[in-house]
Amino acid sequence: MTRTDNYHPNAARLALYAGNDCGLLIKAQLWPHVTRCADCQAEIASFQSAKAGLVNVTSELPDTLNWDRLADEITANIHLGLEAGECVAPFRQARPRRSTLPVDWRAATVMAAMLLIMAGAWFLNPPARRAEVAVRTAKIELRTTSLGLELNENGNSLMLMHGDGRVSAQPAMIVSSPGSLRARYVDSDTGQITINHVYSE
Amino acid sequence: MSTRNRAAATVQLGILLLVASASLTFGQATRLDPRSTMHITLPEDSPVTVVSADWGESTASARGGAMLLDLHTSLSLRNSGNRKIRSVTLLVQAQEVTPGGKASVSVPSLNVNPGENFPIRIDLRLLRPLQAGNGPLVEIQLDGVLFDDLSFYGANKLNCRRSMTVWELEARRDRQYFRHVLASRGAEGLRSAVLESMNNQADRMQMDARIAQSGRSSTTRSERQIEVAFLNPQTSPLAVDQGMVRIAENEARSPRLQIRSQTEKPVRGLEIGWMVTDAKGREFVSGGVPMEFSLQPRARNTLVQDVTLRFTQPGGSAITINEMKAYLASVEFADGSMWIPPHGARGATPSPEEQRLTELYRKKGIDALTQELQRFQ
């Protein structure tokens, strides 16, 4: 069995196996082969020795390292970070506190402006005047009674009577048209035909 | 006096005081000087002038929180012009009581020569709040005078010129009709014609319908479209080829008439009245409204009224419309002349003059009527 054999695990898997970094399932798959294959065992051994060598190399500090200077640099970096944080912090921390104040003033300003506009519109008053005319027009009523034609507006009334209020011998003839009522009767005193007319428009 | 008698006397006194205070509050009429409440205005160049005004029994009485004013006046006017007066219309306004409404009193069928006096009665009843202004409550103005040559004088604020011209034409037509009957059939024939007219007037009063108009019409599920029949006299200058209207209960919506001119004169206005038949077959008649409508000689045009007409009986109950007919009440030509339907035309309301002449017959007999017909010749 050689390294080119399809049954050999690839190098990445063997590296993981060597470092005990692969999962249990992969380990279980590779273990029967590795225990029997000398090549793979050699490969694993080479990975393990390389890892051990790397650990040794990185664990040794350089000879030129100046611990005091390194400590100063670290301290300076920490201070720099804190100062930089303080520079930024007022915006971050004050944002919710300071932002409420201007927003309230803006809202108050908008409300005040709206109130001013509404008050101005109320004083200028065109809508109220229109409503008054509409109500007044709608409340005009024309009706006939036994005495005459009545024009009623908001409870006040004007009645054109058929004569002087006495029951006339001949009842009045009523002609209704859209927006008006007309009553014709012959005046008992003068003998004249009289036409009373009330209009709502 | 015993305690019992004293109690009875106290109760009687209380009742008396109650009755006295009620009579002061309700119905105690006081004489009213109508000169302070009624103001008559005539233009300086008016062809009529006020000779006198009999204020009669005008009274004011309190009715709860309101004041009831009965104003009766008989004005004596003089024809101060040089033409014979046929008709007068006075505009009556009560701005403090009913500022949105107007009223008028017209007297047609007059025959007043220059320099002659003639009376006009105005009988008014006003109901207004107790607190009111000090100015005159009622303003009376001259709105129009029609002369025998059909010329007109006046402000014409109520479009009375048209109405008065129609009344005068109708009066001439009806006097002519009765004179023709008298000439052809004698006094008995005239009596029959007058009795027939009185029957027609009585029938017309039973057919009285109230009509109200509202703005643009809208479609509802219950409505249906029906054809409008047109009552067309032979002499009519206009004919209607087709008429349609949408009906829903007592409402007639957007009546549409295809009108054809049958005359050589251009038309500028017309007045169409309506007759409706309810489900029981009863007919009701309403008046029309003059409308501007231009139509060239022998031309056609469609008259569309985008309105809703609502029909009710005088008591207020709705008239469920089953059929609808239109009749031509008058036509106004571009030259100012007018057409009216012939005497007795179906749908048309008997004229004021016909009403006056029949009442004259009813009160004074056939001789008085004969004399009256001859007086206008």
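Just the residues that are modelled with pLDDT of 75 or more and within 19 Å of B:Lys102 (Cα to Cα), please, taken from the stretch A:92-148.
A:Ile140, A:Glu141, A:Leu142, A:Arg143, A:Thr144, A:Thr145, A:Leu147, A:Gly148
Just name the residue that is nearest to B:Gly154 (Cα to Cα) out of those in the stretch B:35-55 that are open to solvent by less than 40 Å² (accessible area, probe 1.4 Å) and without any contact (Cβ under 8 Å) to a residue 60 or more places away in the chain.
Among those that are open to solvent by less than 40 Å² (accessible area, probe 1.4 Å) and without any contact (Cβ under 8 Å) to a residue 60 or more places away in the chain, it is B:Ala53.
Which one of B:Gly336, B:Gly287, B:Gly316 is part of a strand (DSSP E or B) and either modelled with pLDDT under 95 or surrounded by 18 or more Cβ atoms within 10 Å (Cβ to Cβ) (or both)?
B:Gly287
Which number in (1) open to solvent by less than 20 Å² (accessible area, probe 1.4 Å); (2) closer than 18 Å to B:Glu354 by Cα marks the one condition that B:Ile259 misses?
Condition (2) is where B:Ile259 drops out.
Tell me which residues, restricted to the stretch A:175-201, are at the interface with chain B (Cβ under 7 Å from one of its Cβ atoms), over 19 Å from B:Thr98 (Cα atoms) and modelled with pLDDT of 90 or more.
Within the stretch A:175-201, A:Arg184, A:Val186, A:Gln192, A:Ile193, A:Thr194, A:Ile195 meet the criteria.
For the list (1) open to solvent by less than 30 Å² (accessible area, probe 1.4 Å); (2) assigned to a strand (DSSP E or B), I need the number of the one condition that B:Met244 fails.
Unmet condition: (1).
Can you tell me which residue in the stretch A:23-60 is modelled with the lowest pLDDT, limited to those that are assigned to a loop (DSSP other than H, G, I, E, B) and over 60 Å from the mean Cα position of the chain (by Cα)?
A:Glu60
Return the total of residues in the stretch B:74-123 being more than 13 Å from A:Asp187 (Cα to Cα), without any contact (Cβ under 8 Å) to a residue 60 or more places away in the chain and β-branched (Val, Ile, Thr).
Qualifying residue count for the region: 5.
For the structure I just gave you, tell me whether B:Pro297 is within 14 Å of another protein chain (Cβ to nearest Cβ), open to solvent by 10 Å² or more (accessible area, probe 1.4 Å) and in contact (Cβ under 8 Å) with a residue 12 or more places away in the chain.
no
Among the candidates B:Gly115, B:Gly65, which residue alone is surrounded by fewer than 18 Cβ atoms within 10 Å (Cβ to Cβ) and under 23 Å from B:Met38 (Cα atoms)?
Being surrounded by fewer than 18 Cβ atoms within 10 Å (Cβ to Cβ) and under 23 Å from B:Met38 (Cα atoms) holds for just one of B:Gly115, B:Gly65, which is B:Gly65.
The values are calculated or read from the model by the stated rules, or taken from the named source; none is laboratory data. Bear in mind that the values here come from a model prediction, so they are computed numbers and not experimental data. A quick note on method: Cβ atoms are made from the backbone with ideal geometry, for glycine too, and the neighbour counts reach across all protein chains shown. We work out accessible area using only protein heavy atoms, side chains counted, and drop any ligands, DNA or RNA first. Shrake-Rupley method; radii C 1.70, N 1.55, O 1.52, S 1.80 Å.
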